[in-house]
Amino acid sequence: MLLIKNKSLRDFIRFAVPLIAVPVITIAGAVAFDEKKHIIISLAVAVSALLLFAAGFEKKSTGTRRMVIVAVMAALCFAGRFIPFLKPIAALTIITALYLGGEAGFLVGSLTAILSNFYFGQGPWTAFQMLAWGLIGFFAGLLADKLLKSRALLLIYGAAAGLAYSFIMDIWTVLWYNQGFDVKLYLAALVTAIPYTASYAVSNVLFLYLLAKPFGEKLQRIKVKYGV
């Protein structure tokens, strides 16, 4: 397990990767690369997510244990994509971040997208899904203290995360359709996607309501027992 010992470097990576590096890689890749090279961008985002994850722990043993849990949560998210209409992916990503940190949340979200798309179909959209689900997890980790104290606030965050996912994916829609970004087309895409956006928000609220407590209790016990 990769270990980054320098605290200043870890702190820099924690914010530079999700807020600068991954968005730049995703958007620049969509503009500069054709559809046949999309896997390069997705792999670059995956490597960035792993680097971010490595910045979230100080001991190799901690990182190894946390990776096992991340793998389990990513597998559950993968399975969740087979549920019709309402899907628990973002909710499980948020729950992971609340108890294991934003780095783990980002990794679960991004890995879920690239791994599940080997079944559902890889494409230039994969990197945008990785970015969207990853950021949902990352910010949930940053807000964990507040979200854990208020169930209402957690559900509001889930609804907002559904909107954010749609807003990010519609950037890809405009870039694909227009070969460049256009505000008018983006606004039109947002309006057209309202039913899907609503389903994302409802899914997040529903599954957070159902799963946050039971999954949270298990993750908290694991966290205390194994020091992850």
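The values are calculated or read from the model by the stated rules, or taken from the named source; none is laboratory data. Treat the numbers as computed from the prediction; the structure is a model and nothing was measured. With ideal geometry, Cβ positions are generated from the backbone for all residues, glycine too; neighbour counts draw on all protein chains shown. These accessible areas exclude ligands, DNA and RNA; they are computed on the full protein's heavy atoms, side chains included. Shrake-Rupley method; radii C 1.70, N 1.55, O 1.52, S 1.80 Å.
Numerical summary
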| read-out | value |
| --- | --- |
| Condition check for Phe139: open to solvent by less than 20 Å² (accessible area, probe 1.4 Å), within 20 Å of Leu211 (Cα to Cα) and among the aromatic types (Phe, Trp, Tyr) | no |
| Qualifying residue in the range 167-178 (condition: within 21 Å of Leu19 (Cβ to Cβ), among the β-branched types (Val, Ile, Thr), touching a residue at least 12 places away in the same chain (Cβ under 8 Å) and open to solvent by 20 Å² or more (accessible area, probe 1.4 Å)) | yes |
| Total residues in the range 142-154, condition open to solvent by 40 Å² or more (accessible area, probe 1.4 Å), of a type outside the set (Lys, Arg) and under 19 Å from Tyr200 (Cα atoms) | 2 |
| Matching residues, the range 82-136, being assigned to a helix (DSSP H, G or I), open to solvent by 10 Å² or more (accessible area, probe 1.4 Å) and more than 24 Å from Ile13 (Cβ to Cβ) | Phe118, Tyr119, Phe120, Trp125 |
| Long-range neighbours under 9 Å by Cβ, at least six apart or interchain, first residue within 14 Å of Phe106 (Cα to Cα) and at pLDDT 95 or above within the range 132-152, second open to solvent by less than 30 Å² (accessible area, probe 1.4 Å) and in a loop (DSSP other than H, G, I, E, B) | Gly141/Gly56; Gly141/Gly101; Ala144/Gly101 |
| Tally, over the range 94-130, of residues that are of a type in the set (Ser, Thr, Tyr) and within 11 Å of the chain's Cα centre (by Cα) | 3 |
